[in-house]
Amino acid sequence: MDFTLPAELAALREMVRDLAREVVAPRAAELDETGVYPEDIFAAFRDRGLPGLAWPEELGGAGLRDAAGRPVGTLALCLAVEEVARFCSASGLILLLTRLPLMPVWLAGTPEQKERYIGGACRGERRGAFCLTEPEAGSDAAGIRATARRDGDHYVLNGTKIFISGATVADFFTIAAKTDPAAGHRGVSVFVVDRVTPGLSVGKVERKMGVKGVPVAEVVLQDCRVPAAQRLGAENAGFRVVMQTLNAVRPVVAARGLGLAEGALAYAVEYARERRAFGHPIADFQGLRWLMADMATDLEAARWLTYRAATLVDAGRYGREDAHFLSMAKLYATEMANRVASGALQLLGGHGYMKDHPLERFYRDARQLTLVEGTSQIQREIIGRAVAEGFLT
C-alpha cells in the first residue's frame, strides 16, 4: 500500500503551508484576543481557490483527482485545514465551513441549488452556516423542535438554533426542521435559507473559551417564509442528509486536531532545544524526550486514521456502513489534540501557562474539538454499535 501523497496534493500542502506561515500565523493571537472574524484571511483563502478544494470542477471547484482518476477533494481539504490549524484553529474552521453547510446541498440539492450555493462558495461569493443544534437538542439530533409548516408554495419556519459557527458572516443557512413533528427523525426536512429572508435573524453571539476568530451565534426563525423550492430533497427525508453530512465532515474536524497538535508539538520541541536547566537543554532529559516521543507517535497514528477516513469520503463511503471509520478518525484525532496540547504546555512548565506563548491558546482551542460535529461519547457509540453488529469482522 502506497502512503505517499500524489504530487499535486504535496504541492497543495506546501502552498497552504507557506500561506499559513505568511498570512495566518501573524494574526492568530490577535484573533484570539479580539474575537473578530478575519476577513483578510478569508480573502487570502479565496484568492488561492481554497473554498473550492472539496468540490467538482463543473461547479467551479478544484476537481482534484489522483493519477487513477479518483476524487481526492476531501483529502485535499483535510491537508489544507491541517496546515492552517498548525497556527490557528479558528482559521482552520473557516476552511471547514466551506464543506459543512454545503454538504446537504451536495447530497440533496437540485442542479440549480448546487450551482447557486456550492458554485457561489467556490468563487468565494457565498459563505454558509449549518444549523442543527438547538437549546434542547445537541447530540440528540432527532430531538430538534424547530418546525417547518407547509403553507401553499412556502414553508413557515419557527425555532431557534444555537452555537452556529460562522452565523455572523453567513450569506445562507442550511437548516434542519421538523415538517412532521410527530414522526421523530422521520419527520425532518432540510432547507437552504438566504440570510435576507424575512423572519430569519442572527441573535446572541456567544462568549466562548477558544476558537474565538469564528464567532458562534443563535439563528432565530420567527414565521420565516421560505419558498418550497428551497427545500433540499424530499419532505421528511432530511435526517439521513443530516447524518451523512456529519459523517462526511468528521475527517475535516479530525484534520483540525492534527494541525493543532502539530503546531503545539513543534513549538514545544523548539522551546525544549533552547531552554536550559541543570546545565543542559531540557530536550536532553529522558523524561521529556519520552513525553515528546509519545506525542509524536500519537500524532502519526491520528494522521493515518484521518487520511484514510478522507479517502473513504472521497469514494462516497459516508453512509451508516462506514460511519464508524469516520468516527474513529474524529474521536482519536480530536482527543489526541487535547493530549498533545496538554503535554506541550506541560513541557514549557509555567511559561506554557502564560499568554506570551501560544500553547495556552492551543490548549483552549483543542477542547472544542471533542464537542463539535458529535461529541466523543457519540463517536464511541457509533463505533461500539458497529462492533456489536459485526461491521468490523
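The values are calculated or read from the model by the stated rules, or taken from the named source; none is laboratory data. Not measured: the values here are computed from a predicted model. Don't worry about glycine lacking a Cβ; one is built from the backbone with ideal geometry, like all the others, and counts go over all protein chains shown.
Data overview
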quantity	calculated
Verdict on L19 being over 28 Å from G238 (Cβ atoms), in contact with a Leu (Cβ under 7 Å, 6 or more places away or on another chain) and buried (at least 18 other Cβ atoms within 10 Å of the Cβ)	no
Region 32-58 - residue that is of a type in the set (A, V, I, L, M) and closer than 18 Å to V16 by Cβ and, of those, surrounded by the most Cβ atoms within 10 Å (Cβ to Cβ)	A54
Members of region 28-63 found to be closer than 17 Å to A85 by Cα and in contact with a Cys (Cβ under 7 Å, 6 or more places away or on another chain), listed by number	A28, L31, P51
Residues of region 15-42 that turn out to be part of a helix (DSSP H, G or I) and within 22 Å of G124 (Cβ to Cβ), as a count	19
Filter result for G350 (touching a helix residue (DSSP H, G or I) at 6+ places or on another chain (Cβ under 6 Å) and either not hydrophobic (A, V, I, L, M, F, W, C) or not assigned by TED's automatic domain parsing to the domain that holds R70 (or both))	no
Pairs, first free of Cβ contacts under 8 Å to residues at least 24 places away in the same chain in region 380-391, second assigned to a helix (DSSP H, G or I) and of a type in the set (S, T, N, Q), C-beta under 9 Å, six or more apart	E381/S327
Verdict on A301 being surrounded by fewer than 16 Cβ atoms within 10 Å (Cβ to Cβ), more than 18 Å from the chain's Cα centre (by Cα), of a type outside the set (K, R) and farther than 30 Å from A137 by Cα	yes
Residue match in region 61-71 (condition: in a helix (DSSP H, G or I), in contact (Cβ under 8 Å) with a residue 60 or more places away in the chain and of a type outside the set (D, E))	no
Residue check, A255 touching a residue at least 12 places away in the same chain (Cβ under 8 Å), outside any strand (DSSP E or B) and in contact with an Asp or Glu (Cβ under 7 Å, 6 or more places away or on another chain)	yes
Enumeration of residues in region 34-82 that are within 14 Å of the chain's Cα centre (by Cα) and of a type outside the set (A, V, I, L, M, F, W, C)	P51, T74, E82
Residue pairs meeting the criteria (Cβ under 8 Å; at least 6 apart or on separate chains; first within 14 Å of P215 (Cα to Cα), in region 11-37; second part of a helix (DSSP H, G or I))	L31/A90; L31/S91; D32/A90; D32/R361
Candidates W290, W304 - the one that is among the aromatic types (F, W, Y) and under 19 Å from L9 (Cβ atoms)	W304
Residue within region 104-125 that is in contact (Cβ under 8 Å) with a residue 40 or more places away in the chain, crowded, with 24+ Cβ neighbours inside 10 Å, over 24 Å from D194 (Cα atoms) and not basic (K, R) present	no
In region 283-319, residue farthest from I383 (Cα to Cα) [restricted to those that are without any contact (Cβ under 8 Å) to a residue 40 or more places away in the chain and among the charged types (D, E, K, R)]	D284
Spans of strands (runs of 3 or more DSSP E) in region 131-239 with at least 3 residues of a type in the set (D, E, K, R)	147-151, 216-227
Neighbours by Cβ (under 6 Å, 6+ apart or cross-chain): first from region 129-145, without any contact (Cβ under 8 Å) to a residue 12 or more places away in the chain and farther than 12 Å from L100 by Cβ; second of a type outside the set (S, T, Y) and in a loop (DSSP other than H, G, I, E, B)	A137/I144
